[in-house]
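Let me begin by presenting the structure, written as structure tokens, before commenting on it.
The values are calculated or read from the model by the stated rules, or taken from the named source; none is laboratory data. Here the structure is a predicted model, which is why all the values come from computation and not from measurement. Every residue, glycine as well, gets a Cβ built from its backbone with ideal geometry; the counts of neighbours run over all protein chains shown. Note: accessible area is taken over every heavy atom of the protein model, side chains too, but ligands, DNA and RNA are not part of it. Shrake-Rupley method; radii C 1.70, N 1.55, O 1.52, S 1.80 Å.
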Amino acid sequence: MKDRPRRLRATTAMRALVAETHVLPQQLIYPAFVREGITEPVAIQAMPGQFQHTLDSIRALACELVEAGVGGIDLFGVPDQARKDASGSQAWTTDGILNRAIAAVREEVGDQLVICADTCLDEFTSHGHCGVIRDDGVVDNDTTLELYAKMATSQAAAGAHMVSPSGMMDGQVEYIRTALDENGYTDVSIMAYSAKYASAFFGPFREAVGSTLCGDRKTYQQDPANRKEGVREALLDVAQGADIVMVKPASHYLDVVADVAAAVNIPVAAYQVSGEYAMIEAAARNGWINREQAIAESLVSIARAGADVILTYWALEYSRRS
């Protein structure tokens, strides 16, 4: 028999030799949470193995990521509940927890790690939405853009290499790019949450950031039923100046990842979100799956679909094994 594909599966070495897809540590970004007012890391119950960090422990984590060869860190701030307000003003103050965390990590590791900052107001607003709420209860898109610009500029000033608008406001990339350029931060990149869906898989994340969300985000995040819309959103962000476009979540939207990868000529990121992480961890703890194999397979599937960059809570662990 001439056609025997199994010849290339015969040994571990042979399979490695002809593997089509590789996930390398430098492709990975580790999402991490920094919480105000704590003196030691606090475990996140819904995400076993993940923590809300102090400024000291986030410095230590950044050093570990550098040592493991991880590409980047994506920082999320968790302010004291009493400091939240309707506009999320702690998001752009110099002494806000997120900007302090950015500065601490930049001081610790410099340019050895890509320091990315989440550019969204939801962790900082008293109502938990990603923007300013109008009197009729709807998030005001254009007023929110002005605040995103202030937030991104403050993050760049704190030392971020990359900002990451995740609020799904129309025009957010253009507003932020203009503000960064006008303030002299022309080298600061934008990783846009371009196709972010109103997903049920964000649940554990809301514990991680102490979310105060009332209602849902369906008027600005995408409908999970829509595929073509993901490409439309990504192309708009490319036109507005995004350096990287993202699909979120990853595993249940691999078709969108593939579509976006085929449509754009810039790097594509995919975010393996908290619910994806929690499901694998829970199944492994029950003995239903092989944990390490499931982690590796999940990451390979995201890269195979076309993601150049993967945000994953397993970035450090996976990289240490690679």
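Test M168 against the criterion of being buried (at least 19 other Cβ atoms within 10 Å of the Cβ) and either touching a Gly at 6+ places or on another chain (Cβ under 8 Å) or over 24 Å from I73 (Cβ atoms) (or both), and give yes or no.
Values: buried (at least 19 other Cβ atoms within 10 Å of the Cβ): yes; either touching a Gly at 6+ places or on another chain (Cβ under 8 Å) or over 24 Å from I73 (Cβ atoms) (or both): no.
Against the criterion (buried (at least 19 other Cβ atoms within 10 Å of the Cβ) and either touching a Gly at 6+ places or on another chain (Cβ under 8 Å) or over 24 Å from I73 (Cβ atoms) (or both)), M168 does not qualify.
Name, by its number, the condition in (1) assigned to a helix (DSSP H, G or I); (2) open to solvent by 40 Å² or more (accessible area, probe 1.4 Å); (3) touching a residue at least 60 places away in the same chain (Cβ under 8 Å); (4) not basic (K, R) that does not hold for L254.
Only one criterion is unmet by L254, namely (3).
Look at V23 and say whether it is under 19 Å from the mean Cα position of the chain (by Cα), part of a loop (DSSP other than H, G, I, E, B) and either of a type in the set (G, A, S) or at negative phi (or both). Write out each step before concluding.
Working: under 19 Å from the mean Cα position of the chain (by Cα): yes; part of a loop (DSSP other than H, G, I, E, B): yes; either of a type in the set (G, A, S) or at negative phi (or both): yes.
Considered against the rule, which asks whether it is under 19 Å from the mean Cα position of the chain (by Cα), part of a loop (DSSP other than H, G, I, E, B) and either of a type in the set (G, A, S) or at negative phi (or both), V23 comes out as yes.
I'd like the full set of residues that are hydrophobic (A, V, I, L, M, F, W, C) and open to solvent by less than 40 Å² (accessible area, probe 1.4 Å), limited to segment 20-46. Can you show your working first?
We begin by selecting, within segment 20-46, every residue hydrophobic (A, V, I, L, M, F, W, C); these are 23-24, 28-29, 32-34, 38, 42-44, 46.
V23, L28, I29, A32, F33, V34, I38, I44, A46 - these are the residues of segment 20-46 that are hydrophobic (A, V, I, L, M, F, W, C) and open to solvent by less than 40 Å² (accessible area, probe 1.4 Å).
Restrict the check to segment 78-91 and report whether at least one residue is open to solvent by 20 Å² or more (accessible area, probe 1.4 Å), outside any loop (DSSP other than H, G, I, E, B) and among the hydroxyl-bearing types (S, T, Y).
Within segment 78-91 (the criterion being open to solvent by 20 Å² or more (accessible area, probe 1.4 Å), outside any loop (DSSP other than H, G, I, E, B) and among the hydroxyl-bearing types (S, T, Y)), the answer is yes, since at least one residue qualifies.
Suppose we filter segment 257-290 for residues that are closer than 20 Å to Q172 by Cβ and open to solvent by less than 20 Å² (accessible area, probe 1.4 Å); how many remain?
Selection size over segment 257-290: 6.
Run Q112 past the list (1) modelled with pLDDT of 95 or more; (2) part of a helix (DSSP H, G or I); (3) out of contact with any Gly (no Cβ under 9 Å at 6 or more places or on another chain); (4) over 28 Å from E276 (Cα atoms) and report the number of the one that doesn't hold.
With (1) modelled with pLDDT of 95 or more; (2) part of a helix (DSSP H, G or I); (3) out of contact with any Gly (no Cβ under 9 Å at 6 or more places or on another chain); (4) over 28 Å from E276 (Cα atoms) applied to Q112, the lone miss is (2).
What number of residues in segment 145-168 are assigned to a helix (DSSP H, G or I), in contact with a strand residue (DSSP E or B) (Cβ under 6 Å, 6 or more places away or on another chain) and among the aliphatic types (A, V, I, L, M)?
Number of matching residues: 2.
Would you mind stating whether G230 is within 14 Å of the chain's Cα centre (by Cα) and open to solvent by less than 50 Å² (accessible area, probe 1.4 Å)?
On the way: within 14 Å of the chain's Cα centre (by Cα): no; open to solvent by less than 50 Å² (accessible area, probe 1.4 Å): yes.
No: the conditions fail for G230.
Between residues in segment 147-165 that are more than 18 Å from Y30 (Cβ to Cβ) and open to solvent by less than 10 Å² (accessible area, probe 1.4 Å) and residues that are part of a helix (DSSP H, G or I) and not hydrophobic (A, V, I, L, M, F, W, C), which pairs lie under 7 Å by C-beta distance while being six or more apart or on different chains?
Y148/Q172; Y148/Y175; P165/Y148; P165/Q172
Can you name every residue in segment 36-69 that is more than 19 Å from G203 (Cα to Cα) and either hydrophobic (A, V, I, L, M, F, W, C) or modelled with pLDDT under 95 (or both)? Outline the logic, then answer.
The initial filter retains those residues of segment 36-69 that are more than 19 Å from G203 (Cα to Cα), namely 36-41, 53-69.
Those that are more than 19 Å from G203 (Cα to Cα) and either hydrophobic (A, V, I, L, M, F, W, C) or modelled with pLDDT under 95 (or both): E36, G37, I38, L55, I58, A60, L61, A62, C63, L65, V66, A68.
Name every residue in segment 115-135 that is open to solvent by less than 10 Å² (accessible area, probe 1.4 Å) and in a loop (DSSP other than H, G, I, E, B), in order of residue number. Reasoning before the result, please.
Residues of segment 115-135 open to solvent by less than 10 Å² (accessible area, probe 1.4 Å): 115-121, 123-125, 128, 130-131.
C120, L121, E123, F124, G128, C130, G131 - these are the residues of segment 115-135 that are open to solvent by less than 10 Å² (accessible area, probe 1.4 Å) and in a loop (DSSP other than H, G, I, E, B).
Mind checking which residues of segment 277-322 are of a type in the set (D, E, K, R), at pLDDT 95 or above and not in a loop (DSSP other than H, G, I, E, B)? Reasoning before the result, please.
Filtering segment 277-322 for residues of a type in the set (D, E, K, R) gives 281, 285, 291-292, 297, 304, 308, 317, 320-321.
Right, trim to at pLDDT 95 or above and you get 281, 285, 291-292, 297, 304, 308, 317, 320.
Once the filter is applied, which keeps residues that are of a type in the set (D, E, K, R), at pLDDT 95 or above and not in a loop (DSSP other than H, G, I, E, B), segment 277-322 yields E281, R285, R291, E292, E297, R304, E317, R320.
Of all residues in segment 168-183, how many are out of contact with any Leu (no Cβ under 7 Å at 6 or more places or on another chain) and within 21 Å of P249 (Cα to Cα)? Outline the logic, then answer.
Initial filter on segment 168-183 (out of contact with any Leu (no Cβ under 7 Å at 6 or more places or on another chain)): 168, 170, 173-174, 176-183.
The next check asks that each one be within 21 Å of P249 (Cα to Cα); those that pass are 168, 170, 173.
Of the residues in that region, 3 qualify.
Look at segment 182-214 and say how many of its residues are open to solvent by 70 Å² or more (accessible area, probe 1.4 Å) and either without any contact (Cβ under 8 Å) to a residue 60 or more places away in the chain or part of a helix (DSSP H, G or I) (or both).
Going through segment 182-214, the residues open to solvent by 70 Å² or more (accessible area, probe 1.4 Å) turn out to be 182-183, 186-187, 200, 206-207, 214.
Keeping just the survivors that are either without any contact (Cβ under 8 Å) to a residue 60 or more places away in the chain or part of a helix (DSSP H, G or I) (or both) gives 182-183, 186-187, 200, 206-207.
Result for segment 182-214: 7.
Do you know which residues across segment 93-109 are outside any helix (DSSP H, G or I) and open to solvent by 50 Å² or more (accessible area, probe 1.4 Å)? Full working, then the answer.
If we filter segment 93-109 for residues that are outside any helix (DSSP H, G or I), which is where we start, we get 93-96.
Passing the criteria: T94, D95.
Within segment 117-127, track down each residue that is of a type in the set (G, A, S) and under 17 Å from K196 (Cα atoms).
In the first step, residues of segment 117-127 are kept if they are of a type in the set (G, A, S); the result is 117, 126.
The answer is A117, and nothing else.
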